[in-house]
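S.K.: Sharing a structure, written as structure tokens. Questions coming.
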Amino acid sequence: MPPAPAGQPCIQCLIFHTFRDNNLEIYRLDGVEGQAGAKLYNLSKNDAVDSRPSRSPNDSRIVFQSNRDGNVELYTTDMLGNAAPTRLTRTNSNNTTPMYGPDARTIVFQSDRNGNMDLFTIDQGTGSQLQITNNPGDDVNPFYSPDLKWLVFQSNRNNNWDIFILNTETGNEYQLTSSSSNETFPAWSPNGKQIAFISDAGGSGSTDLYIIDVGGTNLKRITFDGKTINPVWSPEGNRIAYQSERNSNLDIYSYDLLTGKEYRVTDFAGPDSGPTWDCGGSNLAFTSTRDGDPNIFQVFWQGGSAGNLTIDPSTDKWSQWRPSNDVSSTGY
């Protein structure tokens, strides 16, 4: 697959979840909260549970899920929260896990409207919907490649979770993994070359990070602790960050695929979770309780002193620092 087109804008702002309005909202933060010039925007504006945002590649809008109408539906809004969010789906089912495609218009999501989870797309401009998988099993966690023609997802159609690649133009599906283990949460690299995923191949209940070429070759195991989740690709696709609860402490780690070197990014004696890269790939934002309550912090991708991005006494968590669908920003 080709890499993402060069020149896409990337606003250096943070999208995050917060309980500062006594319910789960999606906010945007420009700058560092409490410092001169910092600005906060409430993007979701509702008393319901609003979560799982995906920023469009041109950074003009976000799509998110909300239960404000009873079931879970998808909504979209601009990046300043200028108006009430626009409802995209209208069903009696649950429509979840949205992700913008590379065209900043097509959104893929999963829905249980057929009694199982299938994948659908919706055009945010016309509202036109298309079912793109149709299997009695559950097809979930779709993730676009840099090319709108391709996406990756996980399915339990073979009685365990495997990774599949879908050609969205032809409908042809290709099984990428076929072991007896469970492979979950696939994420396509921004350079189009590899797919990261989590596997329990190390034993029941274990979770380790693997990467594989999109053609199904060069499978590589990155972690061996059995406690790794939330992998997120750097903007150029040569590095990957994740969280691991090794040594009975949850910390952020990063791995350089070019050198094969792993870095322990945080060492706070408490939970650090949910890494996400900034636009330039120099820093990571993450959630930490080092202030006594969950806030968002930033740190150099190889480790160092971490500084606050948010400072509110309410819970701020699950951040997203650039257009993407980082798993860590969705609440795992």
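The values are calculated or read from the model by the stated rules, or taken from the named source; none is laboratory data. Fair warning: this is a prediction, and the values are worked out from it, not measured in the lab. Glycine also receives a Cβ, built like all others from the backbone with ideal geometry; neighbour counts cover every protein chain displayed.
S.K.: Only residues that are touching a strand residue (DSSP E or B) at 6+ places or on another chain (Cβ under 6 Å), of a type in the set (G, A, S) and free of Cβ contacts under 8 Å to residues at least 60 places away in the same chain: list them for the stretch 227-266, please.
M.R.: S244, S254
S.K.: Scan the stretch 267-288 for residues that are free of Cβ contacts under 8 Å to residues at least 40 places away in the same chain and not aromatic (F, W, Y) and jot them down.
M.R.: D267, A269, G270, P271, D272, S282, N283, T287, S288
S.K.: Filter the stretch 45-65 down to the residues that are touching a Pro at 6+ places or on another chain (Cβ under 8 Å) and of a type in the set (G, A, S), then identify the one that is nearest to Q320 (Cα to Cα).
M.R.: Our first condition is that a residue be touching a Pro at 6+ places or on another chain (Cβ under 8 Å); within the stretch 45-65, this holds for 45-46, 52, 54-59, 62-65.
When the remaining residues are screened for being of a type in the set (G, A, S), the result is 54, 56.
Values: S54: 8, S56: 12 Å.
Once the filter is applied, the top-ranked residue is S54.
S.K.: With a cut-off of at least 2 residues that are aliphatic (A, V, I, L, M) and touching a residue at least 12 places away in the same chain (Cβ under 8 Å), name the strands (runs of 3 or more DSSP E) lying wholly within the stretch 60-161. Spell out the reasoning first.
M.R.: Details: elements: 61-69, 71-78, 95-100, 106-111, 118-123, 129-131, 139-144, 150-155.
By residue number, 61-69, 71-78, 106-111, 118-123, 150-155.
S.K.: Could you grab me the full set of residues in the stretch 105-125 that are loosely packed, with under 15 Cβ neighbours inside 10 Å and farther than 15 Å from V63 by Cβ?
M.R.: N114, G115
S.K.: Return yes when L309 is within 28 Å of S206 (Cβ to Cβ) and surrounded by 14 or more Cβ atoms within 10 Å (Cβ to Cβ) and no when it is not. First the steps, then the outcome.
M.R.: Details: within 28 Å of S206 (Cβ to Cβ): no; surrounded by 14 or more Cβ atoms within 10 Å (Cβ to Cβ): yes.
For L309, the condition - within 28 Å of S206 (Cβ to Cβ) and surrounded by 14 or more Cβ atoms within 10 Å (Cβ to Cβ) - is not met.
S.K.: Take the residues of the stretch 302-332 that are hydrophobic (A, V, I, L, M, F, W, C) and either closer than 25 Å to I198 by Cβ or touching a Ser or Thr at 6+ places or on another chain (Cβ under 8 Å) (or both): which is modelled with the lowest pLDDT? So that I can check it myself, show each step before the final result.
M.R.: Of all residues in the stretch 302-332, those hydrophobic (A, V, I, L, M, F, W, C) come to 306, 309, 311, 318, 321, 327.
Those still in the list that are either closer than 25 Å to I198 by Cβ or touching a Ser or Thr at 6+ places or on another chain (Cβ under 8 Å) (or both) too: 306, 309, 318, 321, 327.
Details: A306: 97, L309: 97, W318: 93, W321: 89, V327: 63.
Going through the qualifying residues, I end up with V327.
S.K.: Could you list, in sequence order, the residues of the stretch 191-212 that are in a loop (DSSP other than H, G, I, E, B) and more than 18 Å from F164 (Cα to Cα)?
M.R.: Step one: list which residues in the stretch 191-212 are in a loop (DSSP other than H, G, I, E, B), which gives 191-193, 200-206.
Of everything in the stretch 191-212, those that are in a loop (DSSP other than H, G, I, E, B) and more than 18 Å from F164 (Cα to Cα) turn out to be N191, G202, G203, S204, G205, S206.
S.K.: Anything in the stretch 203-217 that is touching a residue at least 24 places away in the same chain (Cβ under 8 Å) and either at positive phi or surrounded by fewer than 17 Cβ atoms within 10 Å (Cβ to Cβ) (or both)? List them, or say none.
M.R.: Of all residues in the stretch 203-217, those touching a residue at least 24 places away in the same chain (Cβ under 8 Å) come to 209-212, 214, 216.
Scanning the stretch 203-217 gives a single hit, G216.
S.K.: Being buried (at least 24 other Cβ atoms within 10 Å of the Cβ) and among the hydrophobic types (A, V, I, L, M, F, W, C) is the filter; apply it to the stretch 271-296 and report the residue that is nearest to V232 (Cα to Cα).
M.R.: Per the criteria, the residue is W277.
S.K.: In the stretch 143-176, what residues are farther than 24 Å from P323 by Cα and of a type in the set (D, E)?
M.R.: Within the stretch 143-176, the first condition is being farther than 24 Å from P323 by Cα, and the residues that meet it are 155-162, 170-176.
Answer for the stretch 143-176, where residues must be farther than 24 Å from P323 by Cα and of a type in the set (D, E): D162, E173.
S.K.: Quick one: what pairs do we get from the stretch 14-32, first residue more than 13 Å from W321 (Cβ to Cβ), second outside any strand (DSSP E or B) and among the aromatic types (F, W, Y), C-beta under 8 Å, 6+ apart or different chains?
M.R.: E25/F19
S.K.: Looking at Y242, Y255 in this structure, which one is more than 26 Å from D59 (Cα to Cα) and under 19 Å from the mean Cα position of the chain (by Cα)?
M.R.: Values: Y242 fails: more than 26 Å from D59 (Cα to Cα).
Result of the check over Y242, Y255: Y255.
S.K.: Moving on. Please go through the stretch 80-100 and pick out each residue that is within 10 Å of V63 (Cα to Cα) and either buried (at least 18 other Cβ atoms within 10 Å of the Cβ) or of a type in the set (F, W, Y) (or both).
M.R.: Narrowing the stretch 80-100 to residues within 10 Å of V63 (Cα to Cα): 85-88, 97-100.
Within the stretch 80-100, P85, L88, T97, P98, M99, Y100 qualify.
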